[in-house]
Every structure is written in C-alpha cells, then in structure tokens.
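Notes follow once the structure below has been shown.
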Amino acid sequence: DVKVTQSSRYLVKRTGEKVFLECVQDMDHENMFWYRQDPGLGLRLIYFSYDVKMKEKGDIPEGYSVSREKKERFSLILESASTNQTSMYLCASSGPGQAHYEQYFGPGTRLTVT
Amino acid sequence: AQTVTQSQPEMSVQEAETVTLSCTYDTSESDYYLFWYKQPPSRQMILVIRQEAYKQQNATENRFSVNFQKAAKSFSLKISDSQLGDAAMYFCAYRSLLGRSNYKLTFGKGTLLTVNP
C-alpha cells in the first residue's frame, strides 16, 4: 500500500515564525502536492512538484514556498506565518503522467497560527 | 479554468437506504477524469470511484456507483445500502488531461454525509 506521511498532525505557531511542513511518500511517486483545506472551500492546491527540484504554483501559492530535494520528500514552507494561514494542510502523491492517476493523501497537518 | 460545484453542503441518510450526492463541473475539454473522494472524520482521504470521460458506461465499485451525464456536465454519486462507516465528507474532483494541468485535481467544496442508525 502507498503510504504518505506528514510530520505533524497538529502544530501551533506564532505569527511571524517560519514554519516547515514535511511530507514523505514511500512509493517512488514522481508527483507530489500540497493542498489547503478550509471549511466551505474544499481543497485548494498550493504547489505541486512533478520531479525532484521541479515545482509549479497551484491556485493559492501566495505566502508559501516549497522544496523538493529528494524524490520521496516534499516540504511546504511558510516564510512568515500569519493567522490567515491557520488551516488543515494535506499532502498527496501520484505516479507518473496518466499511468497512475489516483492521488494518495496523507493524514493532514492542522496548523494554528496565533 | 475548470470549476467543480457540489450544491449540497450536507446530506443525511438512514442506514441501509440509498443516497445520491450531486456534482456538476464546468470545462471546455472533451477528455478528462472525474473522481469521488471520501474523507472520514479524522482520517485520510481515500478514492471512492473514478470515471473516464470517454467511457459512456457508468463506473461502479460495490455499493458505490456514479451517474455520469457528459452533456449536462453532471457526475453524481449513489451510495446503496448505506452503512455507518459511509459517514464522511465526500469530495468531487476533476482532472484535466492537458499539459501541466493534468497533474492536479480541482475539488468541489464537499458534501458532509451523515448516516443515521
């Protein structure tokens, strides 16, 4: 079974702190994704990566950056956390192109910025 | 850009009965994938069912089936013989097959399904 893990289930940070959310997948997937989930808004794509060191902006990249130095790991970075970034963050991965079109999700990190 | 609309924020069903969750989408593309994902309370999101737009036959997975109406851009999910474990947030999602967009999913806002014993 594909396993996608996220470094923390719950995280509390202060405004202005630099925050790292880590995601690791164990299926050698090329593609990895970071989503933000808010009540009434569904899931919105922040960034995705289709290969090591490759990244593309999603629908709401402002205030975020990402890093993918190794294939199995995809990090989401909040350079200076703000209260409006309080949310549930979901990581996902999928295989190459159309051959593996299912995205597998991690358990999520609920981030609170105070 | 594609959009996905789930018009029912919440639904409820009695155990053992059937419920249908609605989803409509907007696209100018002719080939794409559609998905229903399930997110149980405090648990990971999992794929329930997928439909390729080029297939006329509706997808079925055990008690889950879809009604795919391509011309109407409608993709509803039917859950038969509902079980308590079906209680979850359900998301409809669209995947383009064009360019870089084919990597990502566009989600609806979700429908929270409650199953009453």
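For this structure, a couple of remarks:
- Once C-alpha pairs closer than 8 Å and six or more residues apart are averaged by separation and normalised to the residue number of chain B, the relative contact order reads 37 percent.
- The mean number of Cβ atoms from other chains found within 10 Å of a Cβ in peptide A:56-63 is 1, as a whole number.
- Within segment B:11-50, backbone nitrogen closer than 16 Å to the virtual label 7 Å beyond the Cα of residue B:57 toward Cβ: B:50
- Normalised by 2.2 N^0.38 Å, where N is the number of residues, the alpha-carbon radius of gyration of chain A equals 1.00.
- Cα convex hull of the protein assembly as shown, projected area averaged across orientations, nm²: 12.3
- Check: the protein assembly as shown dipole with +1 on Lys, Arg Cβ and -1 on Asp, Glu Cβ, in debye: 440
- Per residue, the protein assembly as shown exposes 48 Å² of accessible surface when a 1.4 Å probe is rolled over the protein heavy atoms with every protein chain present.
- Protein heavy-atom surface of chain B, 1.4 angstrom probe: 45% of the accessible area is carbon and sulfur, with nucleic acids and ligands not counted.
- Amide N of segment B:48-83 lying under 19 Å from the label point, which is placed 7 angstrom from the Cα of residue B:14 along Cα→Cβ: B:79-83
- Ranking B:11, A:54 from most to least accessible surface, computed with a 1.4 Å probe over the protein chains only, gives A:54, B:11.
- Cα-based shape type of segment A:8-72, given that a ≥ b ≥ c are square roots of the gyration tensor eigenvalues and the cut on a/c is 1.5: prolate
- Heavy-atom surface analysis with a 1.4 Å probe gives chain A a carbon and sulfur content of 49 percent of its accessible area.
- Chains B and A together bury some 2100 Å² of accessible area, summed over both sides, with a 1.4 Å probe.
- The label-point distance for residue B:71 and residue B:29, in a model that sets each label 7 Å from Cα toward Cβ, rounds to 2.3 nm.
- At a threshold of 40 Å², the residues of segment A:18-42 that become less accessible to a 1.4 Å probe in the full protein assembly than in their chain on its own are A:37.
- Of the GluC sites (Glu not before Pro) in segment B:1-86, the ones in a loop by DSSP (not H, G, I, E or B) with at most 13 other beta carbons within 10 Å are B:15, B:17, B:29.
- Student exercise, segment A:1-92 dipole from Lys, Arg, Asp, Glu Cβ charges, in Debye to nearest 20: 260
- Whichever lysines have a C-alpha closer than 17 Å to that of residue B:104, once near sequence neighbours (fewer than 8 apart) are set aside: A:55, A:57
- Zone residues, segment A:17-49, relative to residue A:69, backbone N less than 17 Å from point 7 Å out along Cα-to-Cβ: A:19-25
- Where N is the number of residues in segment B:1-85, Cα Rg divided by 2.2 N^0.38 Å: 1.12
The values are calculated or read from the model by the stated rules, or taken from the named source; none is laboratory data. If you're wondering where the values come from, they're calculated on a predicted model, not measured in any experiment. Please note: Cβ atoms are built from the backbone with ideal geometry, for glycine as well, and neighbour counts cover all protein chains shown. The accessibility values were calculated without ligands, DNA or RNA, using every heavy atom of the protein model including side chains. Shrake-Rupley method; radii C 1.70, N 1.55, O 1.52, S 1.80 Å.
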